[in-house]
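Note sheet for the following structure.
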Amino acid sequence: MAKLKDVADLAQVSLATASRILNNDETLSVTEDTKKAVLDAAKQLQYIIKPKKTNKTTFAIVQWYSIEEELNDPYYLTLRQGVENFLKPHQIAVKRIFSDDINIFQSLNDVSGIICLGKFSTEYIHKLKSACKNIILLDMDLKSPCSEVCIVLDFDNAVKQVIEYFHLLGHSKIGFLGGIEHDDDHQKYLDTRRTSFEKYCQQYNMDYQNYIIEDKFTSESGYNMMSEMILSNNLPDAIFAASDPIAIGALRALHDHNIRVPEDISIVGFDNIESTNFTSPPLTTIYAPAYEMGELGAQLLYYSQLKNDSLNPMRIQLPCYLIERESCLKK
């Protein structure tokens, strides 16, 4: 059987030139006579061109939220970027899918792993596993016993840091502006930030019961919720917003009603999105490692695929921490 070197010798070209001509390399600059000489030599020697080896590994990112929701809340965008930025240099193709896409389960037939972003029902997770057994859940907390691999953030300790911080600043009346999320089954997802807020407010003897409003995780919603609280003429000393977009909307509402931050009221956000450095005043917030969570999920799936190992159920919790800027003041 003829080898590439035989073709190169017969055509009187280098091995590299012969290879690039036979593989239709459009960046190669040679004369038509040289191309013809190589092709004729290959034909004469009955040389068989071997197809290039390609990495056929494909992972699917299944998103519980819509494109619009991702644009409104950079947390989800950051989470996805963590996944994709790890997989790209490792030559893993990514198929991006939304949970309400048509024929979603047929489109998963050729994938080697699935990374789920967001809140999914148990039934939906089972359906995904019937298409591919290698699945990792990000930002979806499966309480004990954990039946899958899930990676979450330590919301409980994050909220504890916020309430302790308010306590140290001398605040005793604390408000909560949150968002309501539902899984694909339209069941309300219990937000740990809300339950932990109530728990630690009780622990520190905070007055909080009359200062809780929940709507959506958007700046518009933050503006509306804060405006509602302002118009009630019953403001707390401080506000904990469950996301930075909510906090940014709340800051605007406070400004529009001539309420000074932090002189009249303190406010803390959650996520540490880039724009919190440029609000007026710069926003004190909780750093939530969404990018690292996405990156870690992609790593676990990639290395299990590389070793041809199955994923063992586990729950991984990443820490969050407070970033102090200028939106809080001691009473």
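Could you tell me whether Y303 is of a type in the set (S, T, Y), open to solvent by 60 Å² or more (accessible area, probe 1.4 Å), closer than 18 Å to R193 by Cβ and more than 14 Å from the chain's Cα centre (by Cα)?
no
Name the residue that is surrounded by the most Cβ atoms within 10 Å (Cβ to Cβ), counting only residues in region 93-115 that are among the aliphatic types (A, V, I, L, M) and closer than 26 Å to A288 by Cα.
So the residue we want is I115.
Please note which strands (runs of 3 or more DSSP E) are completely contained in region 277-331 and include at least 1 residues that are more than 27 Å from G249 (Cβ to Cβ).
In region 277-331, the matching strands (runs of 3 or more DSSP E) lie at 314-318.
Could you check L283 against (1) in contact with a helix residue (DSSP H, G or I) (Cβ under 6 Å, 6 or more places away or on another chain); (2) buried (at least 24 other Cβ atoms within 10 Å of the Cβ); (3) of a type outside the set (S, T, Y); (4) farther than 10 Å from C328 by Cα and say which number it fails?
(4) is the only condition that L283 fails.
Pull up region 75-127, narrow it to residues that are hydrophobic (A, V, I, L, M, F, W, C) and assigned to a helix (DSSP H, G or I), then point me to the one that is nearest to K143 (Cα to Cα).
It comes out as I125.
Taking the stated definitions as given, is D184 closer than 28 Å to G249 by Cβ, touching a helix residue (DSSP H, G or I) at 6+ places or on another chain (Cβ under 7 Å), open to solvent by 40 Å² or more (accessible area, probe 1.4 Å) and not in a helix (DSSP H, G or I)?
Yes.
Can you name the residue in region 306-320 that is in contact with a strand residue (DSSP E or B) (Cβ under 9 Å, 6 or more places away or on another chain) and among the polar types (S, T, N, Q) and is also most open to solvent (accessible area, probe 1.4 Å) among such residues?
Only one residue fits best here, namely N312.
Conditions (1) of a type in the set (A, V, I, L, M, F, W, C); (2) open to solvent by 40 Å² or more (accessible area, probe 1.4 Å); (3) more than 30 Å from Y303 (Cα to Cα), marked per residue:
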{"position": "A8", "(1), (2), (3)": "yes, no, yes"}
{"position": "E26", "(1), (2), (3)": "no, yes, yes"}
{"position": "A41", "(1), (2), (3)": "yes, no, yes"}
{"position": "I61", "(1), (2), (3)": "yes, no, no"}
{"position": "E68", "(1), (2), (3)": "no, yes, yes"}
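When you scan region 200-220, do you find a residue that is among the charged types (D, E, K, R) and in a helix (DSSP H, G or I), even just one?
Yes, the conditions are met somewhere in region 200-220.
The values are calculated or read from the model by the stated rules, or taken from the named source; none is laboratory data. Since the model is a prediction, treat every value here as computed from it, not as a measurement. For neighbour counting, all protein chains shown are included, and Cβ atoms are generated from backbone atoms with ideal geometry for every residue, glycine included. In case anyone asks, the SASA skips ligands and DNA or RNA and just uses the protein heavy atoms, side chains included. Shrake-Rupley method; radii C 1.70, N 1.55, O 1.52, S 1.80 Å.
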